[in-house]
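Peer 1: Sharing a structure here in structure tokens format.
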Amino acid sequence: MDDQTKRKQFSPETLMMSYGYNPQWSEGAVKCPIFQTSTFVFDTAEEGKAFFEIAYGMRDQKPNEKLGLIYSRLNNPDLEILENRLKLWDDADDCAVFESGMSAISTVFLEFLKPGSLLLYSKPVYGGTDHFIHHILKDFGIHTVGFHPNMSEEEIIQLVKDTGHSDKLALIYIETPANPTNALFDMAMAKRVANYFSQEESPVYFAVDNTYMGPLWQHPMEHGADLVIYSATKYIAGHSDVIAGAVLGNQALMARIRGLRTFLGNMAGPWTGWLLMRSLETLKVRMDKQTENAEIIADFLNQHPKVEKVYFLGLLDESQPKQFAIYKQQCTAPGAMISFDIKGTEKDVFVFLNNLTLIKLAVSLGSTESLVQHPATMTHVDVSEEDRKLLGISEKLVRLSVGIENPKDIIWDISNALDKI
């Protein structure tokens with residue numbers, strides 16, 4: 001057994017330190033340097049020809065044939081090493097990293113949806129995704145229909161049929177847990193719906209935005225997902241200092257994603273790749289601490305007299321049988337995202353938000369610092385009023401991303417701000 005085979009038996013958190021990189025390539029540097037270059041030298045013209053044939057999809061890569069470096073829009077050492085490490089968490093064939101989460105999402109939509117296609121998506125989704133679905137895809141002549149977490153498999157199938165475009169269903173896209181309500185969607189059920197409408201010549205693909213759970217607490221490909229999408233800005237980067245996205249999946253589908261990324265030009269650069277490699281080294285440590293903190297804070301909020309309701313996966317039990325069953329089936333931890341309704345009006349919520357001192361009032365999530373925001377007037381302001389009402393994104397709802405601070409300090413800040421109402 002060679003050294004590389006032995007290394008693959010290590011846990012992902014161990015492999016994040018060194019997988020895919022040899023210090024001998026870079027003067028013995030223990031960490032991969034930043035390869036700040038736009039282009040790479042070919043040894044021979046024949047080598048350049050071979051690299052381009054593969055990169056542009058003109059032929060398949062031969063067994064044991066190495067695809068070398070060409071140009072940083074196509075490949076770069078920082079990006080390749082990062083992608084090789086990131087795919088370990090989800091046990092995916094391949095990974096493509098983008099310059100933002102929205103560029104990852106939009107590339108998936110543009111690759112698998114064409115004019116006349118039908119997209120079936122879960123509601124709610126991240127506000128930027130919602131805007132892309134309702135405003136951008138519409139201009140491309142793409143049909144869309146959304147389903148909510150309380151719908152049964154039969155109701156979803158009928159919903160698709162009622163569009164009159166069921167034969168054009170091309171992609172099922174879900175975000176679970178949903179942003180910002182923490183509602184769970186059954187991935188195995190979504191895969192069955194995809195199979196129900198798939199035809200031999202036109203398969204229905206199934207993509208999951210796994211941003212809320214990061215690559216640690218949920219693995220969608222184990223439950224039927226063809227593609228897994230991340231805003232890598234969040235838990236993967238984890239320090240509020242980089243914007244990035246990622247898509248993972250099998251070799252065939254990722255070849256399509258990589259092909260479109262080449263010509264859209266929305267790949268991540270070497271600095272982004274290097275920063276994400278740094279963050280992957282502490283991913284498990286950070287996320288373990290965040291979910292540990294979140295459980296303590298959710299219990300505190302659940303007992304506070306000025307809090308009407310708490311939406312946190314760790315509080316699910318048999319009183320919510322469907323959601324609880326999905327949680328037990330799909331998730332390995334409750335995560336670190338807590339949403340809660342404050343008793344009162346938008347004015348009361350703003351009093352709370354304006355009196356926080358430790359927790360920062362800012363959008364985003366998954367970072368080392370705790371962040372709080374008001375979805376109805378911030379990230380989800382573009383969601384229709386009808387959908388916000390249906391899905392529980394009310395003026396009372398607050399979204400909290402729990403960081404790695406001492407949980408006693410976070411609770412003190414929340415308590416102090418609630419007292420001001």
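Peer 1: Kindly state, to the nearest 0.05, the FRET efficiency for GLU65 paired with GLU154, given R0 = 45 Å and r defined as their beta-carbon distance.
Peer 2: With a Förster radius of 45 Å, E is 0.40.
Peer 1: Taking θ = phi - 60°, what integer Hz values does the Karplus form 6.51 cos²θ - 1.76 cosθ + 1.60 yield along region 170-184, in sequence order, with x for Gly and Pro?
Peer 2: After applying 6.51 cos²θ - 1.76 cosθ + 1.60, I find 10, 8, 10, 10, 10, 10, 9, x, 6, 9, x, 8, 6, 5, 9 Hz.
Peer 1: Given springs between every Cα pair under 10 Å in a Gaussian network model of the chain, which of ARG256, ARG192, ARG59 has the largest fluctuation?
Peer 2: ARG59
Peer 1: With 25 Å as the limit, write out which pairs from LYS306/LYS408; LYS123/LYS168; LYS123/LYS328; LYS234/LYS408; LYS87/LYS234; LYS322/LYS408 have Cα-Cα distances beyond it, or answer none.
Peer 2: Those over the limit are LYS322/LYS408.
Peer 1: Going out from 0 in 5 Å bins, what whole percent of all Cα-Cα distances in region 283-419 drops into each bin?
Peer 2: Over region 283-419, the share of Cα pairs per 5 Å bin runs 2, 10, 19, 23, 21, 15, 8, 1, 0 percent.
Peer 1: For VAL307, list long-range residues whose amide hydrogen, built 1.01 Å from N in the peptide plane, is under 5 Å from its own amide hydrogen.
Peer 2: Correct list: LYS343.
Peer 1: For region 39-138, which chymotrypsin sites (Phe, Trp or Tyr not before Pro) pass both filters: DSSP loop (anything but H, G, I, E, B) and at most 14 other C-beta atoms within 10 Å?
Peer 2: TYR56
Peer 1: Would you please give the residues with an amide H less than 5 Å from that of ASP94, counting only those at least 5 places away or on a separate chain, with H modeled from the backbone geometry?
Peer 2: Close amide H contacts, sequence-distant or interchain: GLY249.
Peer 1: Using alpha carbon centroids, what distance separates region 81-105 and region 49-74, in Å?
Peer 2: One Cα centre to the other: 19 Å.
Peer 1: Calculate one ³J(HN,Hα) per residue across region 221-226 by plugging θ = phi - 60° into the Karplus curve 6.51 cos²θ - 1.76 cosθ + 1.60, and present them in order as whole Hz with x for glycine and proline.
Peer 2: Each residue of region 221-226 in turn: 5, 5, 10, x, 5, 7 Hz.
Peer 1: If each residue of separation counts as 0.36 nm, what is the full-extension length gain between ASP43 and ASN354 once their alpha-carbon separation is subtracted?
Peer 2: Value of the extension gain: 105.9 nm.
Peer 1: Using a Gaussian network model of the chain with C-alpha springs under 10 Å, which one of ASP130, ASP91, ASP241 is most mobile by mean-square fluctuation?
Peer 2: For the chain, modelled as a Gaussian network with Cα springs under 10 Å, the answer is ASP241.
Peer 1: Do you know the relative contact order of the chain, to the nearest whole percent, from alpha carbon pairs under 8 angstrom that are 6+ apart?
Peer 2: Here the relative contact order equals 17 percent.
Peer 1: Which value, in debye to the nearest 20, gives the size of the charge dipole of the chain about its Cα centre, when Lys and Arg are +1 and Asp and Glu are -1 at the Cβ?
Peer 2: 320 debye
Peer 1: Counting other beta carbons within 10 Å of each residue's own, what order do LEU316, LEU86, LEU260, LEU365 fall into, fewest first?
Peer 2: Fewest-to-most ranking of LEU316, LEU86, LEU260, LEU365: LEU260, LEU316, LEU86, LEU365.
Peer 1: Give me the distance in nm between label points sitting 7 Å out from Cα along the Cα-to-Cβ direction at GLU200 and GLN320, one decimal.
Peer 2: If labels sit at GLU200 and GLN320, their model points lie 4.4 nm apart.
Peer 1: Quick one: SER384, SER240, fewest Cβ neighbours within 10 Å first, how do they rank?
Peer 2: Going from least to most buried by this count: SER384, SER240.
Peer 1: Report, in whole Å, the centroid distance computed from the Cα atoms of region 383-421 and region 243-287.
Peer 2: Going from one Cα centre to the other spans 30 Å.
Peer 1: How many nm separate the modelled label positions at LYS138 and ASP288, each set 7 Å beyond the Cα in the direction of the Cβ?
Peer 2: Computed distance between label sites LYS138 and ASP288 equals 4.7 nm.
Peer 1: What is the set of long-range amide H partners of ASP209 at a cut-off below 5 Å, with H atoms built 1.01 Å from backbone N?
Peer 2: ILE174, GLU175, THR176, ILE229
Peer 1: Now for a separate question. Listing VAL204, VAL307 from the residue with the fewest other Cβ atoms within 10 Å to the one with the most, what is the order?
Peer 2: Ranking VAL204, VAL307 by Cβ neighbours within 10 Å, fewest first, gives VAL307, VAL204.
Peer 1: Averaged over all directions, how much area does the convex hull of the C-alpha atoms of region 89-272 cover when projected, in nm²?
Peer 2: Taking the Cα atoms of region 89-272, their convex hull projects to 10.0 nm² on average.
The numbers here are math on the coordinates, done by the rules we state, and not lab data. These figures come from a predicted structure and were not determined experimentally. Note that we place each Cβ from the backbone using ideal geometry, even for glycine, and neighbour counts take in every protein chain shown.
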